[in-house]
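The structure appears below as C-alpha cells.
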Amino acid sequence: MSDDRRENRAAAAVSVLGACFLVLFLGAILGFAIAHRQAWPYQQLVDGWRTVKVAIREGEDYSLLRFRKAPAAGASRELFTVRDPSAIAGGYYAFLGFEAEIGGYTVRLFDAEGGLINRVDVTPAALGLDDNGFPDPHGFQMLRDGSAILAFDRAELLVRVNRCGETVWAREEAFHHSVELTPRDSFWTWRGVPSAYGVYQYMEEIAVENGETLRSIPLEDVLRAEGELAAFFNIHPERPFPVPPPSPKSDGIGDLFHPNDVEELTAALAPAFPMFEIGDLVVSLKTTDMIAVIDPELRRVKWFQRGPWTKQHDPDFMPDGRIAVFDNNFGAGPSQIVLIDPATGAVETHLAGPRVGDGRFSFATGTQGKHSVLSNGNFLVVSPHQGLAAEVTLEGDVLMEFNNIFRAGGRFNGHLPNARQMPDDYFTEAPFCEGAAPG
C-alpha cells in the first residue's frame, strides 16, 4: 500500500474519530442541560428507568409495563375512596380501566358508597378482536339501560355492549377518542381515515340504537371554507390534502389535527352562549392546541382559539357561558383545568399543580385526559397516566378519588382512560348482569 493511501486512510480514521467525539461531547452537554433544567424527555426517562428497575426487582410482566402507572403523591391505596359523602354528586360512577388480573380493560360500575355493581370485560378476546397489543379504548359512554359504547384509538372498532358484555352492534371503522351523547338518542364521535391519526377526519353523529351514521361532516370541508384557518393549516383551495401512509398507527404519522373531542351545545346550555346556536359543536384539535366551535349545518367555524393550553383534551360547555378545557400542559408541568369565556377571551386556570403544604388536588397526564362538570358544580377529572379519577372542587378539595390499583395491595395504578358519573335516576333498567357476580 502506498504512503499516500496510508495517509488518506489515517486521515479518514482521525476524521471519523473526531466526529464521534464531537457527537458524544455535544450529546453530553445536551444531556447535562436536559437534566439541569429537567426538560423533556428528562422525566420520561427517569420514570421509564424506575419502572424497569421495579419490574426487574419484582418480576413484573414486561408486556404490561405500559399499562402500569405511578399514582399521584399521597394517593389512596384503596380502589374507591369517598372523602366527603355530603359533597359529592353521588349516584353512580363508571370507570374504564386496565386490570392486570385479566390483562385487559374492563368497565366497572360503582354506587356512591364505592360498592361494585357491575363489571364488563372489554378485552380484545371478549370483543372478538385480534390481540395485537391492546386496542386502547378511550371514548366511553354509559347508556340508560346499563349498556356501554366504546371507541378505540388503535383498533378499527366502535361497539355497544350490553350490561353482560354481549355485543349489541359493532362498526369496524376507525372511530376514536370521544363518545358524547345528544338529546336525540344519538352521539357524536370522530372517524379517521385510514386511522385515528390520519389526515382525513369526520365528525359523525351515530344512532345509539343500531350504530348507523346519521350525519358525517368532513373536517376538510369546514377548514377549506375558512381563509384564516385554511392558511394556518397550509390548505390550498385547489389542492387535496397530502395522502398519509397507508396505515399510520401512532401519533405524528399523518397526524395533522389529532381531533380528540366533539360534543354538542344543548338547549339547556345554549342561553349561556348567545354567540352560538343549539347544536353547534365544540371540538379539540390537539396537534395545533386549538379549540373551535363549528356550525354543523353551514360547516363553518364560528369561533376558535389556540392556547394558552398545550396538547389539550375534552372542551366542555359550562352553564355559566364558559368553556372548560382539560389542559394537559404537555412538557410544561402538571396538568390543569382552563376556563375560557369565548365572548371575551378571558381565561382562568384551576387545579394547576400543588401549592406547597396545602394538600390540594394535583394531577399530571402528558396525553389523554377527560373531565366533566357535574350537576353540583364539582368536576370529575380523569388523569389516565396516573390511573386516577377524582371528584374535586375548582379550589382543589378532593371529595372522592378512584385509584385503579394495578394489583391488589400494590403501589402502582393501572391505566384509566375514562370515567363517567350518572345521577340516581339515570338508569331505566337494572344496570347489572343478572346472575353474574360483579367482581
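Compute the signed sum of charges (Lys and Arg +1, Asp and Glu -1) over the other residues within less than 12 Å, Cβ to Cβ, of S375. Don't jump to the answer; show the numbers that get you there.
On the way: positive: none; negative: E391, D424, D425.
Result for the local shell: -3.
S147 exposes around 0 Å² of accessible area when a 1.4 Å probe is run over every protein chain in place. For segment 78-210, the share of accessible area belonging to carbon and sulfur comes to 42 percent (1.4 Å probe, ligands and nucleic acids excluded).
Here segment 299-397 is assigned +1 on the Cβ of each Lys and Arg and -1 on the Cβ of each Asp and Glu. Its dipole about the Cα centre then comes out at about 540 debye. For segment 254-413, the percent of C-alpha pairs falling in each 5 Å distance bin, counted from 0 to the bin holding the largest distance, reads 2, 9, 18, 21, 20, 14, 9, 5, 2, 1, 0.
Computed as a quarter of the hull surface, the mean projected area of the alpha carbon convex hull for segment 75-131 stands at 4.7 nm². Its Cα gyration tensor gives segment 217-348 an equivalent ellipsoid. The semi-axes, each the square root of 5 times an eigenvalue, are 25, 20, 12 Å from largest down. Summing +1 for each Lys or Arg and -1 for each Asp or Glu among the other residues whose beta-carbon sits under 14 angstrom from that of E434 gives -1.
Out of every Cα pair in segment 375-439, what percent are spaced more than 14 Å from each other?
Numbers: 1411 of 2080 pairs.
Value for segment 375-439 (Cα pairs over 14 Å): 68 percent.
Can you bin segment 147-291 into rounded, prolate or oblate? Criterion: square roots of the alpha carbon gyration tensor eigenvalues sorted a ≥ b ≥ c, rounded for a/c under 1.5, prolate for a/b above b/c, oblate for the rest. Mind dumping the intermediate values first?
Numbers: a/c = 2.25, a/b = 1.19, b/c = 1.89.
Oblate, because a/c is 1.5 or more while a/b does not exceed b/c.
Probe of 1.4 angstrom, ligands and nucleic acids ignored: what's the accessible area per residue over segment 135-230, in square angstrom?
On the way: 3060 Å² over 96 residues.
Ligands and nucleic acids excluded, the result is 32 Å² per residue.
Can you sort C164, C433 by 1.4 Å-probe accessible area, starting with the largest? Can you show the working numbers first?
Working: C164 65, C433 20 Å².
The ranking, largest first, comes out as C164, C433.
Only protein heavy atoms count here; under a 1.4 Å probe, T182 has an accessible surface of about 20 Å². Amide H contacts of F363: S335, G353, each under 5 Å away and 5 or more positions distant or on a separate chain (H built 1.01 Å from N in the peptide plane; Pro and chain starts excluded).
For the peptides 226-232, 193-199, the ranking by packing is 193-199, 226-232, with the highest mean count of neighbouring Cβ atoms within 10 Å listed first.
Give the value in nm², to one decimal: projected area of the alpha carbon convex hull of segment 65-105, averaged over all directions.
4.2
Solvent exposure of R411, expressed as accessible area, is near 130 Å², computed with a probe of 1.4 Å over the protein chains only.
The values are calculated or read from the model by the stated rules, or taken from the named source; none is laboratory data. Just so it is clear, the structure is predicted and the values come from calculations on it, not from any experiment. Positions of Cβ are backbone-derived with ideal geometry, glycine not excepted, and every protein chain shown enters the neighbour counts. Keep in mind that these areas ignore ligands, DNA and RNA; they rest on the heavy atoms of the full protein, side chains included. Shrake-Rupley method; radii C 1.70, N 1.55, O 1.52, S 1.80 Å.
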